[in-house]
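Chemist: Just dropping this structure here.
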Amino acid sequence: MVGRSNVGKSSLINAVLNRKGIARVSQTPGKTQAIQFYLINEKFYLVDLPGYGYAKVPKSVVSTWGELMRSYLENAPDLKVIFLLLDIRREPGEHDLAMHSWARALEGVAEKVVLTKSDKLSNNQIAQQRRVIANQLEMDDEDLITASVVSKKGIDQIRREMIARL
């Protein structure tokens, strides 16, 4: 799982795993400052990468995250899928577009784009944002997963994507 700070990665991980508090949730962006590995049913790891973009941490720490993430993504032999999390209320930023491009370039690794916080928009706004984001990412909007930890929308679809790769 990868995405900018404050996109809801920790909350989504907790929802997907159906366990409160396994991933630390904070109101302060940038709390995940290392790669977090969650061993699931002794079968596979769900990996939480540090958020990029806005984070209330020292610049010296932020500067190490890019290299840490690049090294992990390029050298993880068992990596099967990258879930790129985007806040549905925002257009993809420079870092989001770079991560999307990077994920697509990895051989043998699928990318799934998850649009978080969909409960904060109406159905019409969701449809409009899906089209805008899909256009910017140069992909079909049917390939986007709309998700909400509040309504549980998209959670089962994310689980199915994970299980399909085991």
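The values are calculated or read from the model by the stated rules, or taken from the named source; none is laboratory data. Bear in mind that the values here come from a model prediction, so they are computed numbers and not experimental data. Please note: Cβ atoms are built from the backbone with ideal geometry, for glycine as well, and neighbour counts cover all protein chains shown.
Chemist: Take the residues in segment 20-46 that are of a type in the set (A, V, I, L, M, F, W, C) and at pLDDT 80 or above; name whichever of them is farthest from K9 (Cα to Cα). Break it down stepwise before answering.
Modeler: Taking segment 20-46 and keeping what is of a type in the set (A, V, I, L, M, F, W, C), we get 22-23, 25, 34-35, 37, 39-40, 44, 46.
Of the ones still in play, those that are also at pLDDT 80 or above are 35, 37, 39-40, 44, 46.
Working: I35: 12, F37: 13, L39: 17, I40: 17, F44: 18, L46: 12 Å.
In this case the residue turns out to be F44.
Chemist: Find all pairs meeting these conditions: Cβ atoms under 7 angstrom apart; at least six residues apart or on different chains; first residue within segment 90-111 and surrounded by 15 or more Cβ atoms within 10 Å (Cβ to Cβ); second residue of a type in the set (D, E, K, R) and in a helix (DSSP H, G or I).
Modeler: E111/R104
Chemist: I've got another one for you. List the residue pairs whose Cβ atoms are under 6 Å apart, where the first residue sits in segment 128-139 and is over 17 Å from A103 (Cα atoms), the second is at pLDDT 95 or above and not in a helix (DSSP H, G or I), and the two are 6 or more positions apart or on different chains.
Modeler: From segment 128-139, the pairs are Q129/I88; R130/L144.
Chemist: Does L49 count as at pLDDT 95 or above and either touching a helix residue (DSSP H, G or I) at 6+ places or on another chain (Cβ under 8 Å) or over 13 Å from R4 (Cα atoms) (or both)? Can you show your working first?
Modeler: Values: at pLDDT 95 or above: no; either touching a helix residue (DSSP H, G or I) at 6+ places or on another chain (Cβ under 8 Å) or over 13 Å from R4 (Cα atoms) (or both): yes.
Criteria not met by L49.
Chemist: Hey, could you check segment 63-117 for residues that are among the acidic types (D, E) and assigned to a helix (DSSP H, G or I) and say which is farthest from G51 (Cα to Cα)?
Modeler: Just the residues of segment 63-117 that are among the acidic types (D, E), to begin with: 67, 74, 78, 87, 91, 94, 96, 107, 111.
Checking which are assigned to a helix (DSSP H, G or I) leaves us with 67, 74, 94, 96.
On the way: E67: 13, E74: 17, E94: 14, D96: 11 Å.
Applying the filter and picking the extreme gives E74.
Chemist: Can you tell me which condition Q129 does not meet? The list is (1) surrounded by fewer than 18 Cβ atoms within 10 Å (Cβ to Cβ); (2) outside any loop (DSSP other than H, G, I, E, B); (3) among the polar types (S, T, N, Q), and all the others hold.
Modeler: Status for Q129: all satisfied but (1).
Chemist: While we're here: Is it fair to say G66 is without any contact (Cβ under 8 Å) to a residue 40 or more places away in the chain and either of a type in the set (A, V, I, L, M, F, W, C) or under 19 Å from K9 (Cβ atoms) (or both)?
Modeler: Working: without any contact (Cβ under 8 Å) to a residue 40 or more places away in the chain: yes; either of a type in the set (A, V, I, L, M, F, W, C) or under 19 Å from K9 (Cβ atoms) (or both): yes.
Yes; evaluated as a whole, the condition is true for this residue.
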